[in-house]
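The block underneath contains the structure these notes are about, expressed in structure tokens.
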Amino acid sequence: MMRGLKALHKALKKFSLAVQTVINIILLTVVYFISIGLTSLIAKRIFKKTFLAINKESRDSYWINEQSTTKQKNEYYRLF
């Protein structure tokens, strides 16, 4: 009797681990695509934001030149 119960317990444990893996993959995939999808839709449609600065115009490079400014040494003291 005990051997049968131990075998059943072992089989159910393997089955539950398989179900757990499948459910976790499905739930994490759904949550990921909903969160990324909603963020993308809100940013694109409402705020007209593009996260990648890629336009349809042809350019040689997508590098953005930034203008650097020099600050005095005392401006860096106690920034926070």
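No lab work stands behind these numbers, since they all come straight from the coordinates. Not measured: the values here are computed from a predicted model. Here the Cβ positions follow ideal geometry from the backbone for every residue, glycine too, while neighbour counts run over all protein chains shown.
Going by average Cβ density within 10 Å per residue, which order do the peptides 9-21, 64-76 take, highest to lowest?
Descending mean neighbour count gives 9-21, 64-76.
Hull volume per residue, based on the alpha-carbon atoms of the chain and their convex hull, is 292 Å³.
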